[in-house]
């Protein structure tokens, strides 16, 4: 395909196919058992011609209440079967015994009351006496300490005076600073911990937050912006070890140098090199816009992607929020049954000049839509392929609803938009440039 022409690349969102529900079998009405009535022209044995028809006698069941009319009488209402009342009853369903059960006679309560009062009085007296004794003891210790302190100040050389009380020892030690005690070890202050907080990414093999010492050990890493999200900051670890970088570059090659649809197999870099102006169209919800603003803010915090902003008109990255049936009308190259889709266009120098994405607003709940917004918008920056490698990656081929990018996802973005790489650069040349930059 001629690279001078605009080449649409598309990326769908993925979702499992819905199975139509099957209606249940039609309900069947229970048969009604009505008593058979005699036909008007039916005769009975013993009936004479011309005599009126005798109705057969009915045998009614015995009624539960004597004042309730029998069925069939005028004004009869069928008896209702009420459910038993819920909750507790106001009285137990059995009679409580009226007399005390046989056994030992109860104790005389008056004796127990007198004993209790006597014990309480003795306890109160003991507490009062103990409190008075304690106060007198504390007052005597205080007066002794003050007297000893004054003596120590005026007779400082008398360091050989026998020590008789703990208060005297404390006062003498405070005033006379001749020889410090050698028995107590010197306690060094605990240094402040400057390590980065631990944030775990269990499905990411190398993503973790670097300490400042690890960042300073590699000047090229120190020049990179940390980013605003924990995952973006943890992606810096992929540029400190060679084996981690090789893993990230391999993932970059699969995601950014290929496309899921209409792939030209040129294996060249395509990236934005002009400011990205996002124009939103359709009927997005407030949370749709919040999700879009969040990913734009996180991308801008890296300071490697060209500045991204939202505009009212004249945008070069159009994002549509429309029903599924309108997706093919608003985005070129749309593949049917995809709930999210993105297309990008580049010029003869492989620089991306325009992009358009569409999100189906009538097929997903908000959590699923948030995921599709993240996936389609990020892939519109030049990463058009999906992979099965990482289950929680935003580029995962199978359906998931992850709400954030993994550290290795951010590492792919950092590689694609590294300032030493340019549109049209080959995979091998890009690898050599970055190896020389971070591991020279």
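Consider the stretch 294-316. How many of its residues are without any contact (Cβ under 8 Å) to a residue 24 or more places away in the chain and over 25 Å from residue 418 (Cβ atoms)?
0
Only one residue in 279, 254, 243 is in contact with a strand residue (DSSP E or B) (Cβ under 8 Å, 6 or more places away or on another chain) and in a helix (DSSP H, G or I), so which one is that? So that I can check it myself, show each step before the final result.
Working: 279 fails: in a helix (DSSP H, G or I); 243 fails: in contact with a strand residue (DSSP E or B) (Cβ under 8 Å, 6 or more places away or on another chain).
Checking each option against the conditions leaves just 254.
Yes or no: the stretch 353-369 includes at least one residue that is surrounded by fewer than 17 Cβ atoms within 10 Å (Cβ to Cβ), in contact with a helix residue (DSSP H, G or I) (Cβ under 8 Å, 6 or more places away or on another chain) and within 27 Å of residue 217 (Cβ to Cβ).
no
Kindly indicate the residue of the stretch 274-289 that is touching a residue at least 24 places away in the same chain (Cβ under 8 Å) and surrounded by fewer than 16 Cβ atoms within 10 Å (Cβ to Cβ) and also nearest to the chain's Cα centre (by Cα) among those meeting that condition.
287
Within the group 206, 238, which residue is outside any helix (DSSP H, G or I), crowded, with 18+ Cβ neighbours inside 10 Å, touching a helix residue (DSSP H, G or I) at 6+ places or on another chain (Cβ under 7 Å) and touching a residue at least 60 places away in the same chain (Cβ under 8 Å)? Even if it seems obvious, please write down each step before you answer.
Details: 238 fails: outside any helix (DSSP H, G or I).
Among 206, 238, only 206 is outside any helix (DSSP H, G or I), crowded, with 18+ Cβ neighbours inside 10 Å, touching a helix residue (DSSP H, G or I) at 6+ places or on another chain (Cβ under 7 Å) and touching a residue at least 60 places away in the same chain (Cβ under 8 Å).
When you scan the stretch 399-415, do you find a residue that is touching a strand residue (DSSP E or B) at 6+ places or on another chain (Cβ under 7 Å) and surrounded by fewer than 19 Cβ atoms within 10 Å (Cβ to Cβ), even just one? Walk me through it before giving the result.
As a first pass, look at the stretch 399-415 and keep what is touching a strand residue (DSSP E or B) at 6+ places or on another chain (Cβ under 7 Å): none.
The answer is no, given that none of the residues of the stretch 399-415 is touching a strand residue (DSSP E or B) at 6+ places or on another chain (Cβ under 7 Å) and surrounded by fewer than 19 Cβ atoms within 10 Å (Cβ to Cβ).
Out of the residues in the stretch 324-341 that are under 16 Å from residue 284 (Cβ atoms) and either assigned to a loop (DSSP other than H, G, I, E, B) or touching a helix residue (DSSP H, G or I) at 6+ places or on another chain (Cβ under 6 Å) (or both), state the one that is modelled with the lowest pLDDT.
331
Conditions (1) farther than 30 Å from residue 347 by Cβ; (2) at pLDDT below 95, marked per residue:
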{"site": "232", "(1), (2)": "no, no"}
{"site": "240", "(1), (2)": "yes, no"}
{"site": "244", "(1), (2)": "yes, no"}
{"site": "251", "(1), (2)": "no, no"}
{"site": "259", "(1), (2)": "no, yes"}
{"site": "266", "(1), (2)": "no, yes"}
{"site": "270", "(1), (2)": "no, no"}
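Just one of 408, 394 is at pLDDT 95 or above and not in a loop (DSSP other than H, G, I, E, B); which is it?
Details: 394 fails: not in a loop (DSSP other than H, G, I, E, B).
Residue meeting the stated conditions: 408.
Just to check your reading of the model, which residue among 435, 373, 413 is within 23 Å of residue 332 (Cα to Cα) and assigned to a helix (DSSP H, G or I)?
Values: 435 fails: within 23 Å of residue 332 (Cα to Cα); 413 fails: within 23 Å of residue 332 (Cα to Cα).
Criteria check complete, one pass: 373.
Would you mention how many residues in the stretch 285-316 are touching a strand residue (DSSP E or B) at 6+ places or on another chain (Cβ under 9 Å) and outside any helix (DSSP H, G or I)?
13
Across the stretch 350-368, what is the number of residues that are over 18 Å from residue 398 (Cβ atoms) and in a helix (DSSP H, G or I)?
Count: 1.
Taking the condition in a loop (DSSP other than H, G, I, E, B) and surrounded by 18 or more Cβ atoms within 10 Å (Cβ to Cβ), does residue 319 pass?
Working: in a loop (DSSP other than H, G, I, E, B): no; surrounded by 18 or more Cβ atoms within 10 Å (Cβ to Cβ): yes.
When the stated conditions are applied, residue 319 does not pass them.
In the stretch 383-393, is there at least one residue being over 30 Å from residue 200 (Cβ atoms), out of contact with any helix residue (DSSP H, G or I) (no Cβ under 8 Å at 6 or more places or on another chain) and surrounded by fewer than 23 Cβ atoms within 10 Å (Cβ to Cβ)?
Checked the stretch 383-393: no residue is over 30 Å from residue 200 (Cβ atoms), out of contact with any helix residue (DSSP H, G or I) (no Cβ under 8 Å at 6 or more places or on another chain) and surrounded by fewer than 23 Cβ atoms within 10 Å (Cβ to Cβ).
When you check residue 344 against the structure, is it surrounded by 15 or more Cβ atoms within 10 Å (Cβ to Cβ), modelled with pLDDT under 95 and under 20 Å from residue 371 (Cα atoms), yes or no?
On the way: surrounded by 15 or more Cβ atoms within 10 Å (Cβ to Cβ): yes; modelled with pLDDT under 95: no; under 20 Å from residue 371 (Cα atoms): yes.
Judged against the criteria, residue 344 is not a match.
The values are calculated or read from the model by the stated rules, or taken from the named source; none is laboratory data. Not measured: the values here are computed from a predicted model. Methodologically, a virtual Cβ is constructed for each residue, glycine included, from the backbone with ideal geometry; neighbour enumeration extends over all protein chains shown.
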